[in-house]
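Working notes, beginning with the structure itself.
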Amino acid sequence: MSCDQTYPGIVDDVVKLIESVRPHRRVFQVTAPGAVVVQSNWVHWPCLFPQHGPGRKHERAILLEDWQRVLVEEHPAAFLRGLFHSDGCRVRNWATRVVAGHQKRYDYPRWQFVNASTDIRELCCWALDLVDVAWRQSTTRTISVSTRAGVARLDELIGQKS
């Protein structure tokens with residue numbers, strides 16, 4: 001798995017996760033420009049991730065197996081954490097409004113998830129629905145969580161990238 005080297009906490013999380021699945025196998029970290037590739041060789045990885053395959057993920061179906069859907073339903077926060085920590089960000093958004101004849105600027109936090117795959121975006125929205133977080137599709141490839149309650153809930157469930 002390729003990880004952004006800016007987030008060593010995420011790299012550590014990926015290493016720990018792989019070690020928990022395969023506790024007696026070696027996990028390798030290979031550095032590349034701007035990235036850390038975390039890998040562990042095992043012939044059965046495709047059994048755990050049948051969505052993996054040749055070609056670009058946004059050009060092929062990404063569907064969860066029944067057993068995977070059950071796991072996400074039981075642990076939606078962990079699923080969302082993986083999605084947002086890989087293809088999402090928490091940003092400060094702003095808007096202006098005229099109040100009593102004066103232009104006023106409002107700043108507020110927002111979570112955004114961006115992915116070219118319709119299937120992956122739909123899985124993200126499904127998981128957000130499971131945890132009662134309001135979302136909207138703000139652009140073709142972007143899912144936004146902008147309400148104060150929704151942002152607070154995601155902050156609680158998935159935490160900041162580190």
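The values are calculated or read from the model by the stated rules, or taken from the named source; none is laboratory data. What you see is a predicted model; the values in this text were computed from it and never measured. Note: ideal-geometry Cβ built from the backbone for every residue, glycine included; neighbour counts use all protein chains shown.
State all residues of the stretch 81-121 that are part of a strand (DSSP E or B) and among the small types (Gly, Ala, Ser); if no residue qualifies, say none. Reasoning before the result, please.
The first filter runs over the stretch 81-121 and keeps only residues part of a strand (DSSP E or B), leaving 88-99, 102-114.
The answer is 88, 95.
Remark: pairs (first residue in the stretch 5-16, closer than 15 Å to residue 32 by Cβ; second residue among the aliphatic types (A, V, I, L, M) and assigned to a loop (DSSP other than H, G, I, E, B); Cβ separation under 9 Å; 6+ apart in sequence or on different chains) = 14/1; 14/27. Among residues of the stretch 35-63 that are under 20 Å from residue 19 (Cα atoms) and in the same structural domain as residue 86 (by TED's automatic domain parsing), none has a beta-carbon under 7 Å from a residue that is in a strand (DSSP E or B) and not polar (S, T, N, Q) at least six positions away or on a different chain. Of the numbered criteria (1) part of a strand (DSSP E or B); (2) farther than 27 Å from residue 6 by Cβ, the one residue 132 fails is (1).
Quick grid of which residues meet (1) surrounded by 11 or more Cβ atoms within 10 Å (Cβ to Cβ); (2) touching a strand residue (DSSP E or B) at 6+ places or on another chain (Cβ under 7 Å):
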site: 86; (1), (2): yes, no
site: 122; (1), (2): yes, no
site: 139; (1), (2): no, no
site: 151; (1), (2): yes, yes
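Any residue that is small (Gly, Ala, Ser), closer than 30 Å to residue 18 by Cα and surrounded by 15 or more Cβ atoms within 10 Å (Cβ to Cβ) - is there at least one of those in the stretch 102-117? Yes, the stretch 102-117 contains a residue that is small (Gly, Ala, Ser), closer than 30 Å to residue 18 by Cα and surrounded by 15 or more Cβ atoms within 10 Å (Cβ to Cβ). Condition test on residue 109, is it free of Cβ contacts under 8 Å to residues at least 12 places away in the same chain and not assigned by TED's automatic domain parsing to the domain that holds residue 3? For residue 109, the condition - free of Cβ contacts under 8 Å to residues at least 12 places away in the same chain and not assigned by TED's automatic domain parsing to the domain that holds residue 3 - is not met.
Going through 136, 105, 141 one at a time, which residue ends up being modelled with pLDDT of 95 or more and in contact with a Ser or Thr (Cβ under 7 Å, 6 or more places away or on another chain)?
Numbers: 105 fails: modelled with pLDDT of 95 or more; 141 fails: in contact with a Ser or Thr (Cβ under 7 Å, 6 or more places away or on another chain).
Answer to the selection: 136.
Comparison of 127, 78, 134 shows that the only residue that is over 24 Å from residue 9 (Cα atoms) and either hydroxyl-bearing (Ser, Thr, Tyr) or not assigned by TED's automatic domain parsing to the domain that holds residue 10 (or both) is 134.
For the stretch 13-49, a tally of residues being in a loop (DSSP other than H, G, I, E, B) and either exposed (fewer than 13 other Cβ atoms within 10 Å of the Cβ) or among the aromatic types (Phe, Trp, Tyr) (or both) returns 11.
If I go through the stretch 135-162 residue by residue, how many of them are within 24 Å of residue 58 (Cβ to Cβ) and either without any contact (Cβ under 8 Å) to a residue 24 or more places away in the chain or not in a helix (DSSP H, G or I) (or both)? It would help to see each step written out before you state the result.
To start, the set of residues in the stretch 135-162 that are within 24 Å of residue 58 (Cβ to Cβ) comprises 135-145, 154, 158, 161.
If we keep only those that are either without any contact (Cβ under 8 Å) to a residue 24 or more places away in the chain or not in a helix (DSSP H, G or I) (or both) as well, we get 135-145, 161.
Residues that pass the stated criteria total 12.
Taking the condition touching a helix residue (DSSP H, G or I) at 6+ places or on another chain (Cβ under 9 Å), assigned by TED's automatic domain parsing to the domain that holds residue 140 and free of Cβ contacts under 8 Å to residues at least 24 places away in the same chain, does residue 100 pass? When the stated conditions are applied, residue 100 does not pass them.
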